[in-house]
Amino acid sequence: MLTAYLLLSSAPQPAYHEVSPMRCLALPFLAMSLVTVGCGGADSQEPSELLGTQRASLTETDVDVAPECQGIIDFVNAASFQTLDAYLPSDVASNLVEYRAVSPFATLADVSSVPLVGAARLEQIEGGARSEGYIGSSCVGIIDELAVSADDAARMVSLVNTVSSTELHDILPYAWNGATNLLNQRPFATVESIAATSGISSVSLRNIRNAATLSDPLEDLIAAVNALPQPDFGANMARHFDRYDLTTGSHYYSLHGLECFGIDPDSLPNGASIRANLADAAEVRAEVESTVDYANRSNQLPASVVSQGLANLDERIAGRSFKGCYFSYSNDPWSGNNVAFFVDTVSGFSVLTETYWSE
């Protein structure tokens, strides 16, 4: 079945192309998570059971202030000059009051655009908001121009500690040294220590936050698909995986039909064909939707999970370009698997689909 690796353990990983395989139904690899899904038998869960355990709320859009940290914006919009002046130099407090009189602040970037407001002043603003009760423990604070919630921070730490090196470099395409340093220094305990790593900028931290939190509805759908009992033919999907290992690993009984686009040919095995054009949003949507339909042929998935997951996918892929591959493989002469994966060429957002059959 699924040859992707959902690296959800917190153990340190090797520096490059790490993999944590798990066997299922005598097939070579399955996604690894806290619960083995998609294999049938006693360990499988019905979608309703799987979705019954709700994750903590996460930031769902590419904003610079988590909902739990919105009080920071409320503080600079609502606090009197006297209150602001208690935490900031008077000229900074005056500038904030003058600017909000024209247009209320909506983002942290708005606040940062005010003259004399830099990193040190943002830290003082956060301190004032916390002291005045505008934010609490659910807001970690402002880190590298990003107001991070406790839920987001936990997910960011988990991602950096467990994601494959290939995917982390895809998430940070313009911070190769930063990604390498994260891999060499993990595991991390806090998001502050991630931000303090050499080579990690405010843009890098935001990329990590987006990779960790913006696709929860899609990941709910993926988990539901993988939880369906599909012993002989069905589908699996993954949001996080090691694309390098998928195309170069020697774990296949038979690998054929490898066609890639946007992938460095030198990183592919001999015989791979290279397609000239990248994938667009329509191609990614069609592949994911057809895989979901194939898995859900008995209409076992809640309609809301499907619709919300696909809507979330559309938000992540609209107007984007993707590198990736299509290929087929066999574990033995009595089974077959068809795989496709796509990776956003800028953000590193990735998704994998797989359909399979066995006699």
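The values are calculated or read from the model by the stated rules, or taken from the named source; none is laboratory data. Quantities reported herein were computed from a predicted structural model and do not represent experimental measurements. Here the Cβ positions follow ideal geometry from the backbone for every residue, glycine too, while neighbour counts run over all protein chains shown. The accessibility values were calculated without ligands, DNA or RNA, using every heavy atom of the protein model including side chains. Shrake-Rupley method; radii C 1.70, N 1.55, O 1.52, S 1.80 Å.
Just checking, which of Thr61, Thr107 is closer than 30 Å to Asp220 by Cα, under 31 Å from the mean Cα position of the chain (by Cα) and free of Cβ contacts under 8 Å to residues at least 60 places away in the same chain? Show your work before the answer.
On the way: Thr61 fails: free of Cβ contacts under 8 Å to residues at least 60 places away in the same chain.
Checking each option against the conditions leaves just Thr107.
Go through Val102, Val140, Val117, Val97 for me and flag whichever is out of contact with any strand residue (DSSP E or B) (no Cβ under 8 Å at 6 or more places or on another chain), under 25 Å from Thr61 (Cβ atoms) and aliphatic (A, V, I, L, M). Break it down stepwise before answering.
Details: Val102 fails: under 25 Å from Thr61 (Cβ atoms); Val140 fails: out of contact with any strand residue (DSSP E or B) (no Cβ under 8 Å at 6 or more places or on another chain); Val97 fails: under 25 Å from Thr61 (Cβ atoms).
Result of the check over Val102, Val140, Val117, Val97: Val117.
Report the residue count in region 255-295 for those that are open to solvent by 40 Å² or more (accessible area, probe 1.4 Å), touching a strand residue (DSSP E or B) at 6+ places or on another chain (Cβ under 6 Å), small (Gly, Ala, Ser) and more than 17 Å from Asp344 (Cβ to Cβ).
Counting residues in region 255-295 that are open to solvent by 40 Å² or more (accessible area, probe 1.4 Å), touching a strand residue (DSSP E or B) at 6+ places or on another chain (Cβ under 6 Å), small (Gly, Ala, Ser) and more than 17 Å from Asp344 (Cβ to Cβ) gives 2.
For Gly128, are the conditions met, namely being small (Gly, Ala, Ser), out of contact with any Lys or Arg (no Cβ under 8 Å at 6 or more places or on another chain) and loosely packed, with under 15 Cβ neighbours inside 10 Å?
Numbers: small (Gly, Ala, Ser): yes; out of contact with any Lys or Arg (no Cβ under 8 Å at 6 or more places or on another chain): yes; loosely packed, with under 15 Cβ neighbours inside 10 Å: no.
Considered against the rule, which asks whether it is small (Gly, Ala, Ser), out of contact with any Lys or Arg (no Cβ under 8 Å at 6 or more places or on another chain) and loosely packed, with under 15 Cβ neighbours inside 10 Å, Gly128 comes out as no.
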